[in-house]
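A short reminder: the numbers here are calculations on the coordinates, not readings from a lab. Source: prediction; values computed, not measured. Using ideal geometry, Cβ is built from the backbone for each residue, glycine included, and neighbour counts are taken over all protein chains shown.
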Amino acid sequence: MQYSEVVMDHFKNPRNVGRIENPDGVGEVGNPICGDMMTILIRVKGSRIEDIKFSTFGCGAAIAVSSMVTEMAKGKTLKEAMKITNESVAKNLGGLPKNELHCSHLGVDALHKAIMDYYSRKKGEGIKDKRVEYIGERKGKCYCPYCDTEVPKATPYCNKCGKPTLEH
Amino acid sequence: MNTIYFDNVSATPIHPLVKEAIITYLQRDGFGNPLSQHHIGDAAVEILDEARSKVAQLIHAGAGEIVFTSGGTESNNNAIKGVAFAKAKKGKHIVTTSIEHQSVARTLRVLMRMGYQVTAIPVDKYGLVDPKDVEKAIRNDTILVTIMHANNEIGTIEPIAEIGKITRARNVVFHSDAVMSCGNIPIDVDNIGVDLLSIAANQFYGPSGVGALYVRRDTEIVPIIDGGTQEDGRRAGTQNMLGIVGMGKAAELAAIEMEERNSHLLTLKKFLIEHLKTIDEIYINGHPDLSLPGLVSFSVDYVEGESMTIMLDEEGICVSTRSACASGSLRASHVLIATGRDYTTAQGTLCFSFGMDNTLEQVSKALEVLKKSIAFLRSMSPLYKKK
């Protein structure tokens with residue numbers, strides 16, 4: 001795969017990997033079924049992103065994008081962060097191979113979703129992307145609450161329909 | 001950085017004696033057209049005939065039953081479309097499996113749009129097809145059964161000798177995509193009862209872009225490349241002489257060295273599998289015994305395939321993956337899904353395919369890098385929970 005030096009750097013030395021205890025905003029996009037999944041967590045102070053962390057299941061470009069987008073957003077105001085586009089992420093990475101551009105969309109979407117989640121929590125609207133907190137259990141076996149396929153007990157995602165089953 | 005090449009399913013390196021044969025031919029003249037009426041053409045015919053008989057000997061066929069093509073894909077297209085069009089009046093039903101290579105699967109999809117019907121037989125968790133299911137699927141209007149000999153993603157070797165008996169009894173043409181198997185495991189076309197077989201030179205240390213289609217005498221098939229009378233009227237166009245010279249030499253060497261090569265490949269394969277089992281949440285794909293001697297396909301939970309191949313490539317190690325990102329299709333491999341692997345795990349699949357030049361030392365190095373890569377990527381994955 002032909003990746004730029006910047007992409008390879010962000011892939012091998014990703015910035016901001018990890019989790020935040022009780023995040024102020026959570027943005028999750030993608031789906032392991034189609035091969036890319038990104039979660040971005042933010043801590044907001046005043047109107048700035050004080051801390052930001054990511055976790056990603058995906059290809060080299062996906063990991064590099066997650067690292068770059070979190071680096072671009074850290075310390076910015078929420079307004080500034082909402083203005084970050086997938087083109088600017090791809091540009092800062094020195095370009096991405098054509099069929100990996102969708103990864104740059106995912107990264108920016110995850111960031112924006114996290115910010116929107118923060119706003120809606122602030123408004124008291126509660127967590128918008130309501131997650132089901134348990135897997136339906138019958139006769140000792142576990143079932144996906146959306147499509148009713150049997151799933152292993154501690155799975156975060158239903159492998160048939162891709163919908164999340166547990167609060168992470 | 002030293003290259004460690006574990007991607008022989010994509011293409012094998014060219015054998016030094018094959019290189020020598022091609023260079024010798026180039027230095028002689030390297031250009032004669034076998035159809036020409038003069039002595040340069042005659043010399044080309046001799047070279048063509050020699051290569052043809054070497055390829056025929058590899059599968060115990062008659063030289064006149066070998067048609068040179070541009071590779072496995074063309075052979076597959078020719079076999080399937082050629083029979084479909086030749087037998088359209090008898091029927092339009094074709095039987096295949098759910099794990100065929102794209103050059104078979106897409107060709108069949110094109111035929112379906114033209115009104116043909118295709119039954120794709122499912123496989124078990126090892127990727128094996130049951131010959132009884134093939135028998136049940138054959139109807140009165142079935143004109144072709146096309147089932148691959150060895151699968152290119154998981155290495156499973158199908159029971160084509162048994163299937164050949166069934167197709168013979170039911171008088172249906174039997175084609176097998178033998179691109180992965182020919183030159184690597186022994187094939188005798190009469191023992192397995194095939195009517196058509198696809199062969200590719202770059203799977204047994206020959207050059208890419210050249211292959212062959214075995215066509216049993218009296219098999220009804222129409223050409224898909226029309227024009228001059230080359231290849232006995234079965235495939236028009238002046239032959240790829242450089243490629244064919246290479247293919248002939250590669251076929252000769254494959255027949256001689258096959259047993260020795262396979263015993264070496266099995267040693268590497270066993271070593272890798274033994275050590276893979278020490279990594280948790282890794283699953284080996286394919287059948288434990290009925291499998292290509294040099295191919296190991298395994299799926300790693302919580303990690304995506306392309307990111308692993310990059311980390312391995314950074315240390316010079318070349319392997320392949322079938323993740324959505326890598327294939328550009330945004331879908332997991334149809335072969336892995338057909339064996340029952342779930343979508344997420346299928347995205348983390350790697351294929352190590354060994355060649356005769358690989359060593360145990362190289363496998364050890366690769367394992368070291370692999371373990372580090374998996375640990376690194378799992379630490380970043382939202383799906384991995386540290387226990």
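Could you tell me which of B:Val134, B:Gln230, B:Gly30 has its Cα farthest along the dipole of region B:16-254 towards the positive end, charges placed at Cβ (Lys, Arg +1; Asp, Glu -1), taken about the Cα centre? Comparing the listed Cα positions along the dipole, B:Val134 ranks first. Once backbone amide H atoms are built at 1.01 Å from N, B:Val123 has B:Ser98 as its partners under 5 Å, excluding neighbours fewer than 5 places away on the same chain. Run the Debye formula on the Cα coordinates of region B:239-305, all scatterers equal and no solvent, and tell me log10 I(q)/I(0) at q = 0.13, 0.17, 0.27 1/Å. Here log10 of I(q) over I(0) equals -0.56, -0.74, -1.15. Equivalent ellipsoid of the protein assembly as shown: semi-axes from √(5λ) of the C-alpha gyration tensor, largest first, are 49, 27, 22 Å. Relative contact order, whole percent, for chain B stands at 22, derived from Cα pairs under 8 Å and 6 or more residues apart.
Using θ = phi - 60° in the Karplus curve 6.51 cos²θ - 1.76 cosθ + 1.60, the 3J(HN,Hα) couplings for region B:215-226 round to 10, 4, 3, 6, 7, 6, 7, 9, x, 10, 10, 9 Hz; x is entered for Gly and Pro.
Residues in region A:104-113 carry Karplus couplings, in order, of 5, 5, 4, x, 5, 4, 5, 4, 5, 5 Hz; the curve used is 6.51 cos²θ - 1.76 cosθ + 1.60 with θ = phi - 60°, and Gly or Pro positions show x.
Classify region B:1-96: rounded, prolate or oblate, from the alpha-carbon gyration tensor (a ≥ b ≥ c, eigenvalue square roots; a/c under 1.5 rounded; otherwise prolate if a/b is larger than b/c)?
Oblate, because a/c is 1.5 or more while a/b does not exceed b/c.
Between the amide H of B:Asn285 and those of B:Ser297, B:Phe298, B:Ser299, distances stay under 5 Å, these residues lying 5 or more places away or on another chain, with hydrogens modeled in the peptide plane.
Could you check what % of the DSSP bridge pairs in the protein assembly as shown are antiparallel, to the nearest 5?
Rounded to the nearest five, the antiparallel share is 70 percent.
Using only the alpha carbon atoms of region B:95-163, find the Kirkwood hydrodynamic radius as the inverse mean reciprocal pair distance, in angstroms to one decimal.
Numbers: mean 1/r = 0.0802 Å⁻¹.
Evaluated on region B:95-163, it is 12.5 Å.
Based solely on its DSSP helices, what 222 nm [θ] is calculated for chain B when runs of n ≥ 4 H residues each add -39,500 (n - 2.57) and the sum is averaged over all residues, nearest 500 deg cm²/dmol?
Numbers: 13 runs with 161 residues, N = 387.
Helix contribution divided over all residues of chain B: -13000 deg cm²/dmol.
Here the relative contact order of region A:5-122, from alpha carbon pairs under 8 Å that lie six or more residues apart, stands at 32 percent.
Based on the alpha-carbon set only, what is the convex hull volume of region B:8-50 divided per residue, in Å³?
Working: hull volume 3.9 nm³, N = 43.
About 91 Å³ per residue, rounded to a whole number.
Counting other C-beta atoms within 10 Å, which of A:Met37, A:Met72 has the fewest, and how do the rest follow? Write out the running numbers ahead of the final one.
On the way: A:Met37 27, A:Met72 19.
Least to most surrounded, the residues fall as A:Met72, A:Met37.
Here, region A:1-77 is characterised by an Rg to Rh ratio of 1.00, where Rg is the alpha-carbon radius of gyration and Rh the Kirkwood radius. Shown for A:Thr70, B:Thr267, B:Thr107, B:Thr73: other C-beta atoms within 10 Å of each C-beta, ranked fewest to most, produce the order B:Thr267, B:Thr73, B:Thr107, A:Thr70. Take every pair of alpha-carbon atoms less than 8 Å apart whose residues are at least six positions apart; their mean separation over the length of region B:258-387 yields a relative contact order of 31 percent. The ranking of A:Asp51, B:Asp177 from fewest to most other beta carbons within 10 Å of each one's beta carbon is A:Asp51, B:Asp177. Coupling constants for region B:371-382 follow from the phi torsions by the Karplus curve (6.51 cos²θ - 1.76 cosθ + 1.60, θ = phi - 60°), and in residue order they are 4, 5, 5, 5, 4, 4, 6, 5, 5, 9, 8, x Hz; glycine and proline get x. P(r) for region B:240-357, from all Cα pairs and a bin width of 5 Å, is 2, 10, 17, 19, 17, 13, 11, 7, 2, 0 %, short bins first.
The convex hull around the C-alpha trace of chain B, projected and averaged over every direction, spans 19.8 square nanometres. Around the amide H of A:Val17, modelled in the peptide plane, lie the amide H atoms of A:Phe54, all under 5 Å away and 5 or more residues distant in sequence or on another chain.
Using only the Cα atoms of region B:40-172, build the gyration tensor, take square roots of its eigenvalues as a ≥ b ≥ c, and label the shape rounded, prolate or oblate: rounded if a/c is under 1.5, else prolate if a/b is larger than b/c, else oblate.
Details: a/c = 1.92, a/b = 1.57, b/c = 1.22.
Because a/c hits 1.5 or more and a/b exceeds b/c, region B:40-172 counts as prolate.
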